[in-house]
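As structure tokens, the structure follows; a few thoughts come after it.
Each reported figure results from applying straightforward, stated rules to the coordinates on display, with no laboratory input. Bear in mind that the values here come from a model prediction, so they are computed numbers and not experimental data. Ideal geometry is used to build each Cβ from the backbone, glycine not excepted, and the neighbour counts take in all protein chains shown.
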């Protein structure tokens, strides 16, 4: 039997029917005016989701990783210094990319499970009197650890230090799912992809540039062509791309942003928080702990759950797939084997979440972990019931 | 948000991705040989699912109700006597149809929750020395009450009475989900639809005729054109239909039968039984009872669950839809307001079933019924775990 | 290679992308209020397409043939007399159906290629002083011969005769493609299907009943259950069906009527006329003739083209499919082998029509018919050019 | 009305139904073994289409342009010298990319309409005794001019010069449509995309590396991360990607290569040649000329057609879209306004091609160009008829 179970990976998400149909387009001429009528509303929609009025949005046939490369290669030059924290696999990879492109990365290593250390950043930036640091890199939501960092605090740290560096934020697994405020937080480059909060198939890097980031273009000497936003901007002005655009995905993006904005971003965030809370209630009922060190770090898009010492967390993921046809996320890098992850972003209902929680219980019981069947489910049900009633009252 | 929750109605079922794509066809010429290459394998596939070697299969753009009309109008004449039991809404409707077509129906009323009374049938048939009864009508699975009847016993009763009547079986919600043996049980006409065990959208009546039923064509005087199997048979012989065939659905039927036969019918039945058992364990854990009177009557495609006296079961269905976006079935006819139904047939995994059970718990708790959250889920999980492990061992 | 050629059969038509997606729905609960929000707008839309304010519309999981059976079985009784013309395969079949249901059909045979003889009807109706004739049957567009009849003239004939019979019109291949006015023409029952002017897959019988036809229900004694509009009306009132509705097709019907009404029915008819004229110009350029006897009989949804005496027209259809993967229609009944048909209704552009005309030329040349390559194409191109320019000027 | 006309742009092509459905996948876990079962057969399929036994294939979520960047950044270092011809917009852009990445490009300018000058290359390479030239860039099919170059001749020139440079070939609009032999021609890097011969939506860069190109990795100093084939190779070995893979497109690629290989590559090429010849016969009948200078340069995937001096070719493209809803390609760069292009690659039948030719005739007549309606169509029909008959005889 073809399984119709939802996935519980932290992206790509389950894709709403209507978005699958929007992406699945017959071929149109991407050099005709028809394409402009898809492209420009999509870009405008993304701006609203990013909460930027002044920024410019670029969309590449690529992924979040390509978005990072777009960020650094359009603003920096070989030898430029950047400041970054490593607190999970994705922040690690971004640092690695910078180094491979000849940047000089000042790395602040954090325990995996912690967030971006704004106070430590403030010290370093304050000490950087010569303003050699050109950019500060922050991962809003570490997908590997389920840790949400406080980007507003990073901005405050930069301001307190009176430092002019650019602020680049990896919002791949937060944007469209958790509160993100590009202009208010002074984010210079925001990076995400199509397959997370936008609930689309993978294939798009989505990037916002502030006016200050745009200005950095003038001096940026890292080589680039595919990811050059000057070519892209020129293309957009003529209703096109510098090469063949992924028309279907952009059509999907247009509809996705409409859906998010019609629902209301605050409602979208509240929906994610509600679903995530249910998962966290279940984890607590199991007597287990999250990788994220403290509640204020808890991510609303993914939970990384620590298994008992000595137990291989990958077994949970493997057995869930084999025995029940359900996909959870494995631990990556430093926390490989120590955590398994439940993705709870994008198109996911309370009802679907309960099936994921119930599956995790069966899997853990099968593997001999001391988890009472139904215990996490009951805790999550109680949360979903109460919050559903509250929603109904509000409506 | 568009909900992506599965449905838990007793048909139409959740449609597998691959079958949706098979049905969603561009237009082809239904009078060209191409159509024959879809039609004939579909008919052959249905024969195997019905377990008939000698029967002929007809497929109409219609529903199960149209299948019943096909059965009676092609074999009987006004004034003909038929024997039937009323033990639920669907058997009731079939009786009503017979009466509206001028047949003389001898109705054996049963408590809703009971099955077809083979022993009572034997008495009546034995008493019918003149063989005035031309057909015996039996509903294999009463979708309204979740009651499975013993068709083999009905056949034995007819044989014991030495009665030559035709045996017509409503297998709408059993065929493709529960054991059905057209030839072995001496079923003369078997009726089903596309939207149950075949996991397709509604729109097809699917009917098998035994050679004896085909012979009854000669004398049948009920008027018919749309449902006339003579025209249909002539059409099939020329790779066509007497009118425009629903090509996409027939393409889906072809693939559906392939899927069922590749999985193996016994495995399909075992899969349904396993999912159904989980639901029944949950019901027991809730301290509730099924409408079906005894375990041997329990249906593997739908469970009708009795709510406490004085409580309106329709509230369960209404609240599930409004608060959680989940569809259960209401009670119909005599058991309206007394039961709600969980459909568990077709494309449904243990994981999906758990989300339905968990939802039912939240709904009942919301409505003040004394159901402990997680209790039914835990009972079902235990069953699914054990049976999953057994499956793995077997494989 | 999978062919992506359009079809040129007189229905089912090429289905617009957007309608295929509307039909291809996941399962919803057809007993929930959600279904009513699809059903009622669809019924209202059909009423507007039929141009009826007072009529009631019924939609069955069936085909046009089922629509005919709905018409007669809900209004007539065995032995009732009806008046009809046989001027093609579809009018012939309707007559045959009436006879099989025990009606007494007064048949006026017409040469195939002629229309409904309103003057002859007037004579017969005038002579029927006792008003034994209960219904007059007229085929608006004979799909087999490409002949459009004058329904307004039939109504005038009935009025001139002062005859109270009901007027039943087969509009299967005209409604949604050619001018049809249910109320203005005093049509009592209008019958069509989903797969013609509505551009949907086959699977729906669509029927409009006038108040007078509804009144005839009271006395109608033909047996019916599946096609009983009383059950259907009761179902609609409760947002449902008396059995499982074909939800996806009804969702498609809802969108289809919106599309037709947004385009404007007169524009839809003009579009069909324009495409049809191009085909007719091509036929004239080939030196060939239509089956339809005179220009006022020319159908805008299908052209039946006479081949030279002694030549088997079926060869055109067979060779087109084998050599070029293009579907045309064969001749049926009296004109089998004498005509081949080009369907030009529904979703078909001038550009697509030209490919059909060009294919017909290649096919006829291959088969040795004296047709100059490009001759018909050029004639059609000239017509399409001129009319496209006129359209642009108008817009 | 939604138009259902085919597109006649030189990619993206019309997408076969079956490939659209393969791409339109629900989300699966791209880190599970399931993905490997899609990925590896797709890569193997591409190898066969490239006709390479020894090469390695990489697939990126990108476009052909990203494929070029993959080629140079994984093998070359800043300051490296490369040899290239500029004979159209796409070769121009590749040269531009090289320059932006700090390579030293020796450009041989050719008249647009000419191919890669193998003899001139031989002179230059022979003169480069120090082997400073690290790579020779050749565009197999210049999409802007419809010119096919002789890659085997380029290889012979390199061999005659005894030069060890790498040979990079842009096969974006040739691979899968026209004869391409990676191993036999000694191609070191072959670049293409999903949206041309593979008939998929845009979104994939598809690149083959010879062992010699793989060896060049060791010394390549151009910065790269997203396009780094080392990360990609490591990912593939673990059934994954270094970031989120475009699973649906890769699923489509797997099926696309199966389709091409089942049809047989030589049959695929012959099919393209047949369709292209028909278009060229039409152009000749119109008394017009191709941009490509000589028959041996004629591309089988796109024809660039010169319009009379003083006439703006863009009008043809604009008017075709507005008046008839048909997309042709405009001229680019040096030939902007001088040519319009008819794409004839991928999923396109003779019947569809005729509709494009017929449309071009209407458009040109509308714009006052001296083209006789039907003239090009007749010439193409004659070619298609003869070649269809020949095909049938062969089969």
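Summary table below
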{"read-out": "P(r), alpha carbons of the protein assembly as shown - 10 Å bins starting at zero, rounded %", "value": "1, 8, 14, 18, 18, 17, 13, 7, 3, 1, 0, 0"}
{"read-out": "Principal-axis tilt of helix D:89-100 within chain D, Cα atoms, nearest 10 degrees", "value": "30"}
{"read-out": "Neighbouring partner chain Cβ atoms per residue of B:365-377, average, 10 Å criterion", "value": "4"}
{"read-out": "Burial ranking of peptide ranges D:11-19, B:68-76 (average Cβ count within 10 Å, highest at the top)", "value": "B:68-76, D:11-19"}
{"read-out": "From the C-alpha gyration tensor of the range C:265-394, square roots of 5λ in Å", "value": "24, 16, 13"}
{"read-out": "Cα extents of chain B along the three principal axes, largest first (Å)", "value": "60, 53, 41"}
{"read-out": "Nearest 10 degrees, 0 to 90: helix C:33-50 Cα axis against chain C principal axis", "value": "70"}
{"read-out": "Cβ neighbours within 10 Å from other chains - mean over C:82-91", "value": "0"}
{"read-out": "Alpha carbon convex hull of the range D:184-332, volume per residue in cubic angstrom", "value": "202"}
{"read-out": "Cα centroid separation, the range C:96-119 to the range D:81-119 (Å)", "value": "76"}
{"read-out": "Exercise: per-residue mean of other protein chain Cβ atoms within 10 Å, D:327-334", "value": "2"}
{"read-out": "Taking the range D:1-148 and dividing mean pair separation by its residue count, relative contact order in percent (alpha carbons under 8 Å, at least six apart)", "value": "20"}
{"read-out": "Span from the the range A:53-69 Cα centroid across to the the range D:305-351 one, whole angstrom", "value": "32"}
{"read-out": "Inter-probe distance in nm under a simple model that places probes 7 Å from Cα toward Cβ, at residue A:37 and residue B:386", "value": "6.2"}
{"read-out": "Sorted peptide list for B:317-326, B:195-204, criterion being average Cβ within 10 angstrom, highest first", "value": "B:195-204, B:317-326"}
{"read-out": "q = 0.13, 0.19, 0.20 Å⁻¹: log10 I(q)/I(0) that the Debye formula gives for the range A:231-305, counting C-alpha atoms only", "value": "-0.64, -0.83, -0.86"}
{"read-out": "Alpha carbon convex hull of the range C:61-109, projected area averaged over orientations, nm²", "value": "3.2"}
{"read-out": "FRET efficiency for residue B:159 and residue B:314, using Cβ-Cβ distance with R0 set to 45 Å, rounded to 0.05", "value": "0.60"}
{"read-out": "Antiparallel %, DSSP beta bridges [both residues in chain B], to 5", "value": "55"}
{"read-out": "The range B:1-64: Rg to Rh, with Rh as the Kirkwood radius over Cα pairs", "value": "1.05"}
{"read-out": "Rg over Rh, two decimals, the range D:80-239 (C-alpha only, Kirkwood Rh)", "value": "0.95"}
{"read-out": "For chain D: relative contact order, % (alpha-carbon pairs under 8 angstrom, 6 or more apart)", "value": "23"}
{"read-out": "Calculated log₁₀ intensity ratio I(q)/I(0) where the Debye formula runs over C-alpha points of the range B:1-140, q = 0.09, 0.15, 0.22 Å⁻¹", "value": "-0.44, -0.99, -1.39"}
{"read-out": "Translational diffusion coefficient (Stokes-Einstein; Kirkwood radius from C-alpha pairs) of the range A:261-315 at 37 °C, 0.692 mPa s, in µm²/s", "value": "261"}
{"read-out": "Ellipticity estimate at 222 nm from DSSP helix runs (n ≥ 4, -39,500 (n - 2.57)) divided over chain D, nearest 500", "value": "-13500 deg cm²/dmol"}
{"read-out": "Using alpha-carbon coordinates, inclination of helix D:118-127 to the longest axis of chain D, degrees", "value": "30"}
